[in-house]
Protein chains: 2
Amino acid sequence: MAGPLEGVRVIDLTSMLSGPVATMMLGDQGADVIKVEPPTGDLVRHMGRGGGDMLNPAFLSCNRSKRSLCLDLKTEKHKEILRKLIKTADVFVQNFRPGAIERMGFGYEDVREIRPDIVYLSISGFGETGPYANKRVYDPVIQALCGLADVQKDRDTGRPRMVRTVIPDKTTALTAAQTITAALFARERTGKGQHVKLSMLDTMIAYLWPEGMAGLVMVGKEDKGSAGAQLSQDLIYKTADGYITCGAVSDSEWQGLCNVLEKPGWLTDERFATAGARVRNAPERLSLTAEILGTRPSSYWLKRLDEEDVPSAPVLKRHEMLDHEQILTNGILQEFEHDGLGQVRQARPAARFAETPAEIRRPAPQLGQHNEEILAELG
Amino acid sequence: MAGPLEGVRVIDLTSMLSGPVATMMLGDQGADVIKVEPPTGDLVRHMGRGGGDMLNPAFLSCNRSKRSLCLDLKTEKHKEILRKLIKTADVFVQNFRPGAIERMGFGYEDVREIRPDIVYLSISGFGETGPYANKRVYDPVIQALCGLADVQKDRDTGRPRMVRTVIPDKTTALTAAQTITAALFARERTGKGQHVKLSMLDTMIAYLWPEGMAGLVMVGKEDKGSAGAQLSQDLIYKTADGYITCGAVSDSEWQGLCNVLEKPGWLTDERFATAGARVRNAPERLSLTAEILGTRPSSYWLKRLDEEDVPSAPVLKRHEMLDHEQILTNGILQEFEHDGLGQVRQARPAARFAETPAEIRRPAPQLGQHNEEILAELG
């Protein structure tokens with residue numbers, strides 16, 4: 001069945017993560033995404049534990065639902081092929097450092113001359129001007145500048161800490177996908193394309209703002225300690241055989257938790273009797289709770305917490321997700337045969353469209369796998 | 001100037017974060033978002049350090065660019081108002097627990113009868129069926145199930161750790177905004193609306209997959225240790241007066257770093273001479289680097305690292321962002337007068353559309369602030 005973006009052609013000159021993950025989402029939604037790669041291929045082809053043929057888990061998971069066209073854009077002949085392709089395109093995406101794509105001859109003005117209603121997205125690390133504009137992007141650098149490392153700082157030592165997955169890249173990918181889709185919607189109504197610029201730094205500040213930055217909202221009353229992220233407590237408890245999370249905010253949840261912990265006395269204990277008191281005495285409450293939860297295995301606690309309607313879950317190791325009943329029910333993980341690599345597992349697109357399904361359309365391509373096919377289409 | 005979603009009307013029955021942040025993005029992009037609230041208001045109105053009138057920093061940052069309509073959907077009279085409003089709507093969004101909206105009389109089938117081409121998005125915590133379907137959503141529960149707490153685990157103790165900002169809520173918001181926009185695009189071409197379902201759990205697994213889950217991609221060769229998140233090193237260094245991040249991957253960056261650290265001998269040291277050797281001897285390399293960086297202030301090192309083209313940045317405390325030159329250049333933070341609250345600071349939408357700007361359209365509304373206006377429009 002056709003996806004929501006059926007009939008849209010995307011020319012994708014991006015590499016690494018922020019661009020490729022964005023265009024993969026568009027591909028899953030039915031867009032015809034043509035990944036234009038240099039003869040050396042996207043850098044990600046050369047990273048991580050490989051499966052041969054410049055395919056590896058990271059590349060497979062950022063580049064499915066695309067076709068690969070290998071072009072050497074240093075040659076005029078190949079530039080001409082790209083120009084022909086642009087004539088047929090709706091979207092053009094690039095994430096080179098500011099200025100590079102113009103030097104290659106495919107800046108917005110160049111592309112618009114070939115295809116006047118193009119939706120053209122430029123992704124940068126820090127913005128197109130300013131002291132960082134020409135720096136190489138690097139996930140920890142964005143985490144450091146946007147306040148995420150400060151949000152995650154160690155509560156005891158105050159030492160900032162990185163989040164150990166590339167949040168800035170992936171959040172930029174989602175923002176980029178929404179941006180392109182909104183520009184396509186506008187073009188559908190007005191007939192006009194446009195240039196849209198997006199930086200990873202801006203993306204992360206906008207992403208963190210609704211909750212992580214509450215202390216900066218009221219001008220003149222800024223919280224210089226910037227303590228106020230919501231999850232100031234790390235609600236992870238060690239049981240006799242693993243880790244679980246649980247938490248009780250409302251009175252009824254607290255009552256449930258006291259039942260589970262077999263501490264009826266806490267219900268009338270003035271340290272914990274009201275929601276306000278429980279917040280004030282959080283360190284004591286949490287350490288007493290932790291002590292009890294340490295005495296029995298996770299399965300016992302999770303069953304009891306569930307019976308008493310206290311929000312809770314096991315803290316899953318990544319491979320444990322593969323067997324978790326809710327995750328199996330959702331069918332979010334899908335396996336398919338990848339020519340020459342065996343069975344490959346992917347997370348399907350999260351949104352379930354009833355009429356225009358988003359789905360994995362094809363496995364990630366080998367470098368230049370679709371050269372002949374695409375050139376034949378161009379004639 | 002009109003935004004890309006100009007002319008789209010969104011009826012928003014969501015509360016908390018995942019729904020409201022999604023519809024705020026649509027509102028910034030020009031959609032007419034009507035936030036339908038019960039007489040008690042969105043729960044977020046009652047959370048956090050308040051500014052009176054049920055407005056507080058978190059609410060302000062999740063609900064700008066919307067109008068508020070207060071309805072008591074337990075009364076038939078107010079249900080009738082909502083039905084009239086649905087007749088004029090393009091999008092309907094709700095994030096109640098599965099089954100609740102149907103009991104209120106505004107499930108997809110009900111709404112479609114009133115407005116056949118509606119784009120209807122249901123956001124759930126865990127999915128619509130399965131053992132967790134009826135559990136209350138709670139950010140740490142999603143972090144525990146989706147593997148994020150495992151990605152963030154302490155490398156020394158193996159103890160899992162939460163990310164201290166609500167990544168699942170905000171990532172679901174971005175995914176929801178893209179989903180709605182894609183369904184609107186499809187409706188523009190086909191004339192048909194549809195029901196789309198999105199769970200926070202699926203969203204997070206799909207979000208983490210391209211990088212955090214690389215060890216699960218090859219079926220039968222799963223990494224049960226699940227060590228393989230990219231940022232296994234926490235590249236934060238304590239200087240004489242603060243914290244910085246820096247990293248050298250390529251040979252030329254390594255050369256630059258050795259110059260900065262005044263360690264020319266490391267260039268020929270067999271522990272560090274090649275990229276491969278530097279990865280193998282990372283602990284030693286990082287601790288030697290940390291020792292030297294601890295001897296001088298951040299400003300000295302950042303200047304030198306910049307001169308030698310080594311990717312680097314200060315680790316900013318949140319309030320330090322307000323004065324950082326790149327962030328000022330980008331103009332990502334904007335201040336405006338909020339009636340009765342004084343100056344309010346927000347992060348503008350990250351994407352910069354040249355023709356159809358996304359921008360902060362109006363401040364977050366008081367509860368029911370637009371009742372009269374909207375009822376007058378309905379006649």
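Annotations for the structure displayed:
- Taking the C-alpha atoms only, the angle from helix B:200-212 to the longest principal axis of chain B is near 20 degrees.
- Pairs from the table (A:Lys35/A:Lys87; A:Lys170/A:Lys317; A:Lys224/B:Lys303; A:Lys35/A:Lys84; A:Lys170/B:Lys170; A:Lys221/B:Lys317) lying more than 23 angstrom apart at Cα are A:Lys224/B:Lys303.
- Ordered by the count of other Cβ atoms within 10 Å of each Cβ, fewest first, B:Asp90, A:Asp150, B:Asp12 give B:Asp90, A:Asp150, B:Asp12.
- Taking 12 Å as the cut-off, the amide N atoms of segment B:249-281 that come nearer than this to a point 7 Å along the Cα-to-beta-carbon line of B:Tyr300 belong to B:261-262.
- Panel order for B:Glu270, A:Glu128, by other beta carbons found within 10 Å of each beta carbon, from fewest to most: B:Glu270, A:Glu128.
- Amide N proximity, segment A:249-268 versus A:Ala240 label position 7 Å along Cα-to-Cβ, cut-off under 18 Å: A:260-263
- Separation of segment A:122-166 and segment B:198-221, taken as the distance between their Cα centroids, equals 23 angstrom.
- Average other protein chain Cβ within 10 Å of Cβ, residues B:115-122: 1
- The protein assembly as shown shape via C-alpha gyration tensor axes, a/c threshold 1.5: rounded
- Averaged over the residues of B:189-195, the number of partner chain Cβ atoms lying within 10 Å of the residue Cβ comes to 4.
- Label distances, nm, B:Arg159 versus same residue in remaining copies, Cβ-directed 7 Å point: 1.4
- Centre-to-centre separation between the Cα atoms of segment A:3-19 and those of segment A:264-303: 49 Å.
- Position A:Lys84, label points 7 Å along Cα→Cβ, spacing to each other copy in nm (shortest first, one decimal): 6.0
- Segment A:Arg362-A:Glu113, length gained on full extension (0.36 nm per residue, minus Cα span): 86.4 nm
- Cβ-derived FRET efficiency at R0 30 Å, A:Thr190 paired with B:Thr40, nearest 0.05: 0.15
- Working ranking of peptides B:198-206, B:101-109, B:300-308, B:239-247 by packing, defined as the average number of other Cβ atoms within 10 Å per residue, highest first, is B:198-206, B:239-247, B:300-308, B:101-109.
- Residue exposure proxy: A:Ser287, A:Ser299, ordered by other Cβ atoms within 10 angstrom of their Cβ from fewest to most, comes out as A:Ser287, A:Ser299.
- Contour excess over end-to-end distance, with Cα ends at A:Thr129 and A:Arg159 and 0.36 nm allotted per residue: 7.7 nm
- DSSP-defined antiparallel bridges as percent of all bridges, chain A, nearest 5: 35 percent
- Only the Cβ atoms of Lys and Arg (+1) and of Asp and Glu (-1) were treated as charged; on that basis the dipole of the protein assembly as shown about its Cα centre amounts to roughly 140 debye.
Taken together, the values in this text are just the output of simple stated rules run on the coordinates, not laboratory data. Only a predicted model underlies this, so the values are computations on that prediction, with no experimental measurement involved. Cβ coordinates were reconstructed from backbone atoms using ideal geometry, including for glycine residues, and neighbour counts include every protein chain displayed.
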